[in-house]
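The values are calculated or read from the model by the stated rules, or taken from the named source; none is laboratory data. The structure displayed is predicted, hence computed values, not measured ones. Cβ placement follows ideal geometry from the backbone for every residue including glycine, while neighbour counts extend to all protein chains displayed.
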Amino acid sequence: MLKKLFKLIGIVILLSVIGYGVLYYLYNEPVPTGESGPEADALAYRIFDALNYKNFNNTKVLEWSFRGDHTYKWDKEKQIVVVSYDDVVVNLDLITPHSSTATINNEPASYEKTQDLIEDAQSYFNNDSFWLVAPFKAFDRGTERYLVDMEDGSEALLVTYTQGGDTPGDSYLWIIEPSGRPKSFKLWTKIIPIGGLEATWEDWIKTESGVFLPTQHKLGPLSISMGDVKGTY
């Protein structure tokens with residue numbers, strides 16, 4: 001019986017390895033090369049203009065969720081984020097994370113548990129907020145921008161993050177509509193082993209504060225809903 005079980009497990013592992021190899025061969029792309037300098041920066045500013053970056057700066061509170069799993073209310077002025085999931089609520093202080101607080105079922109968590117929840121909330125926020133406001137992070141500290149000429153004659157913006165976040169070294173190639181609004185980006189990240197997968201940025205809305213934000217993404221067969229996106233003064 002055990003021999004049959006181990007044989008079955010071995011077959012499953014072998015098929016998984018073969019399947020991954022096929023997917024890697026078919027879809028993996030190297031990070032494209034481009035030119036850094038004023039033209040790359042100008043394309044980034046064009047995206048800013050299309051999404052009303054000035055209004056983003058003036059937005060005081062952003063609200064959204066990520067795939068229905070995590071819910072956020074980000075006070076940009078105070079740099080405090082209320083992160084909610086399951087029966088957990090973390091009041092995450094982005095300036096001094098150690099001063100953050102956490103509750104479970106409306107009861108204060110222990111000190112040790114709070115530290116774990118703060119770490120989780122930071123990781124969730126870093127990932128989930130990126131899917132909301134990544135276009136506005138093209139000039140963050142440690143970023144490098146490159147203008148990439150595409151095969152169809154259009155221009156795309158490659159942004160590489162050399163520091164910060166959970167996975168420094170990640171790169172994103174922004175595919176841009178004629179209006180300057182992002183249509184999608186291709187990803188080269190540490191957590192996704194196949195480089196160059198494309199995720200859409202769609203169903204944009206103009207918030208109360210005047211900034212344009214996405215409410216939906218598609219990454220292959222995966223749909224990523226950003227929930228009820230709000231931006232207020």
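Selection within segment 182-200: residues that are closer than 21 Å to T143 by Cβ and touching a residue at least 60 places away in the same chain (Cβ under 8 Å). The member of this set that is surrounded by the most Cβ atoms within 10 Å (Cβ to Cβ) is P182.
So for segment 24-31 (the condition being at pLDDT 95 or above, surrounded by 11 or more Cβ atoms within 10 Å (Cβ to Cβ) and out of contact with any helix residue (DSSP H, G or I) (no Cβ under 9 Å at 6 or more places or on another chain)), does at least one residue qualify?
Taking segment 24-31 and keeping what is at pLDDT 95 or above, we get 29-31.
Filter again for surrounded by 11 or more Cβ atoms within 10 Å (Cβ to Cβ), leaving 29, 31.
Then keep just the ones that are out of contact with any helix residue (DSSP H, G or I) (no Cβ under 9 Å at 6 or more places or on another chain); that gives 29, 31.
Within segment 24-31, one or more residues are at pLDDT 95 or above, surrounded by 11 or more Cβ atoms within 10 Å (Cβ to Cβ) and out of contact with any helix residue (DSSP H, G or I) (no Cβ under 9 Å at 6 or more places or on another chain).
Once segment 41-84 is narrowed to residues that are within 17 Å of the chain's Cα centre (by Cα) and of a type in the set (S, T, N, Q), the residue that is nearest to T215 (Cα to Cα) is S65. Does D93 qualify as being touching a helix residue (DSSP H, G or I) at 6+ places or on another chain (Cβ under 8 Å), on the phi < 0 side of the Ramachandran plot and among the acidic types (D, E)? Judged against the criteria, D93 is a match. Within segment 109-125, identify whether any single residue is modelled with pLDDT of 95 or more and assigned to a strand (DSSP E or B), and answer yes or no. No, segment 109-125 contains no residue that is modelled with pLDDT of 95 or more and assigned to a strand (DSSP E or B).
Residue pairs whose Cβ atoms lie under 6 Å apart, sitting 6 or more positions apart in sequence or on different chains, and linking a residue in segment 41-53 that is under 10 Å from L157 (Cα atoms) to a partner that is part of a helix (DSSP H, G or I), are I47/P135.
Considering only segment 124-136, how many residues are farther than 15 Å from W74 by Cα and surrounded by fewer than 16 Cβ atoms within 10 Å (Cβ to Cβ)? Qualifying residue count for the region: 0. Taken together, Y172, Y111 contain a single residue that is hydroxyl-bearing (S, T, Y) and farther than 30 Å from V89 by Cβ, which is Y172.
Checking each residue in segment 201-233 for being acidic (D, E) and touching a residue at least 24 places away in the same chain (Cβ under 8 Å) picks out E208, D228. Under the condition of being over 17 Å from F48 (Cα atoms), surrounded by fewer than 18 Cβ atoms within 10 Å (Cβ to Cβ) and among the hydroxyl-bearing types (S, T, Y), the residues counted in segment 137-181 number 3. The set of residues from segment 155-189 being modelled with pLDDT of 95 or more, among the acidic types (D, E) and under 14 Å from the mean Cα position of the chain (by Cα) comprises just one member, D170. What number of residues within segment 85-116 satisfy the criterion of being within 19 Å of the chain's Cα centre (by Cα) and exposed (fewer than 15 other Cβ atoms within 10 Å of the Cβ)? Selection size over segment 85-116: 0. Scanning segment 122-173 for residues that are in contact (Cβ under 8 Å) with a residue 60 or more places away in the chain, acidic (D, E) and closer than 16 Å to V83 by Cβ turns up just one, D128.
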